[in-house]
Amino acid sequence: MKWLAALALGAIVGFLVPMIFGGEAGFWLHSWTKWGTIRPFEHSRGLLFSIPLGLGAAFVFRMFFNWHSG
């Protein structure tokens, strides 16, 4: 897997997981998981992006699919 594809999948995970756990109203912003979480657009309520989760997921996707295909 190329880094660009891994980063794209990581970005999807970085957006989806905070939304699944309630967005701004859920526990995501009221626990330790708020560290590294940003609101990418100021006027969009509830949209969150977790930078550590996105980068971590990209790294895991890349390592897993490179190991699995090779």
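The values are calculated or read from the model by the stated rules, or taken from the named source; none is laboratory data. This one's a predicted model, so the numbers in the text were calculated from it and none came from an experiment. Here the Cβ positions follow ideal geometry from the backbone for every residue, glycine too, while neighbour counts run over all protein chains shown.
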Please enumerate the residues belonging to region 1-53 that are more than 12 Å from the chain's Cα centre (by Cα), within 30 Å of Asn66 (Cα to Cα) and not in a loop (DSSP other than H, G, I, E, B). Trp3, Leu4, Ala5
Kindly list the number of the only condition in (1) modelled with pLDDT of 90 or more; (2) at positive phi that fails for Ile12. (2)
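Give region 56-70 a look and list any residue that's surrounded by fewer than 16 Cβ atoms within 10 Å (Cβ to Cβ) and under 9 Å from the mean Cα position of the chain (by Cα), or say none.
Let us first name the residues in region 56-70 that are surrounded by fewer than 16 Cβ atoms within 10 Å (Cβ to Cβ), namely 56, 59-60, 63-70.
Answer for region 56-70, where residues must be surrounded by fewer than 16 Cβ atoms within 10 Å (Cβ to Cβ) and under 9 Å from the mean Cα position of the chain (by Cα): just Gly56.
So, in region 10-27, how many residues would count as being in contact with a Gly (Cβ under 6 Å, 6 or more places away or on another chain) and among the hydrophobic types (A, V, I, L, M, F, W, C)? Don't jump to the end; show me each part of the working.
Residues of region 10-27 in contact with a Gly (Cβ under 6 Å, 6 or more places away or on another chain): 10-11, 14, 23-24.
Of the ones still in play, those that are also among the hydrophobic types (A, V, I, L, M, F, W, C) are 11.
Residues meeting the conditions: 1.
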